1. Straight-line reach only, C-alpha to C-alpha below 17 angstrom: list the aspartates and glutamates that residue 216 could link to, leaving out same-chain residues fewer than 8 apart.
2. Along each principal axis of its Cα atoms, how long is the stretch 145-283 end to end? Whole angstroms, biggest number first, please.
3. Assign one of three labels to the stretch 138-210, namely rounded, prolate or oblate, based on the Cα gyration tensor with a ≥ b ≥ c the square roots of its eigenvalues; rounded applies when a/c is under 1.5, prolate when it is not and a/b is larger than b/c, and oblate otherwise.
4. Which of the peptides 189-202, 159-172 is most tightly packed, and how do the rest follow, going by the mean number of other Cβ atoms within 10 Å of each residue?
5. Take the residue pairs 173/222; 218/248; 22/222; 151/173; 13/39; 211/275 and return only those whose Cα atoms are more than 24 Å apart.
Amino acid sequence: MRIYRFWNCRCEKINGLTVRFKAGSNDSPEAAALLTEEKIALYRQFANGETPEAQKAALRMKLYPAGKDIYEVPIFEELIRTVDDRNIITRNRYGALVLNSEDHAFLDIDFDAYLPALGLKDRFLQFLGKVPRLSKAERLEQFIRQCINEKFPYTSFRLYRTANGFRLLTPAKGDANSAVMAEIMQDFHCDALYMTLCAKQNCFRARLTPKPRRIKMKTALKFLWPPVPEQQSAKELWLKEYAACSEKYKSCSLVAEFGPPINSPVVGIHDEICKCGENLPLA
């Protein structure tokens, strides 16, 4: 997971093209600026065909961290709170708070997830009225519970209901871009786009506060990061409106727990900010 406190942006004209460069650092703005200069210098050498093999190798080491075989994309979002080295809260592009975790796996399972078709016997019993017809939400919850009981009977899970489906929380069994976690997410028919983002960013993400469009927000604002000074006043007004509108909603509610309890402060922070124990509508 690559999240930085300080960012530097510069636009340079190279071979007639305007190229935007961005670099991040957790040390200082000056360190981020130096990294931007390095990127610009390397890009110029690449563009001119002058890059020595040693510098190519150095650049590859920056793009491909040791032990990883895919490019890990930095998360370009404002850092709001550092829970610990492996769990960080950011604000995403539409203004909601997001928990980014390396050791807590959040699995998003939407209502449009593929579900096995009902068998002939079940359909016949439903037709006779001997078996109740289940809603999409009930069928999805039934599928999740069955998957846990059959494939992960001794694993700790917390099952939450969200506005568009369910969220599973479980201790991660590997990196977010690992084959074992990809297989687990496939077992639960997780959203394909979410799985791709987990792999690219090497972390699991859980939205903690409501989506603005679901809580009757009157204004919309795209949060740019690194920040744009001209946006500051609009951002402050938007955040006040968002805080007021969010009070009447929660992001998820706890449905069930499976296996041994997950004793982690991250779970408490997630549940508190999501307001999952409050009697509020989901958003």
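Each value in this text was obtained by applying a stated rule to the coordinates, not by laboratory testing. From a predicted model like this one, the values you see are computed outputs, not experimental measurements. Note: ideal-geometry Cβ built from the backbone for every residue, glycine included; neighbour counts use all protein chains shown.
1. Partners within reach: 241, 247.
2. 52, 35, 26
3. On the way: a/c = 1.69, a/b = 1.16, b/c = 1.46.
Oblate is the answer for the stretch 138-210, as a/c is 1.5 or above yet b/c matches or exceeds a/b.
4. Values: 189-202: 17.1, 159-172: 20.2.
Going by the mean number of other Cβ atoms within 10 Å, highest first, we get 159-172, 189-202.
5. On the way: 173/222 34 Å; 218/248 15 Å; 22/222 18 Å; 151/173 14 Å; 13/39 14 Å; 211/275 14 Å.
Where the Cα-Cα span goes over 24 Å, the pairs concerned are 173/222.
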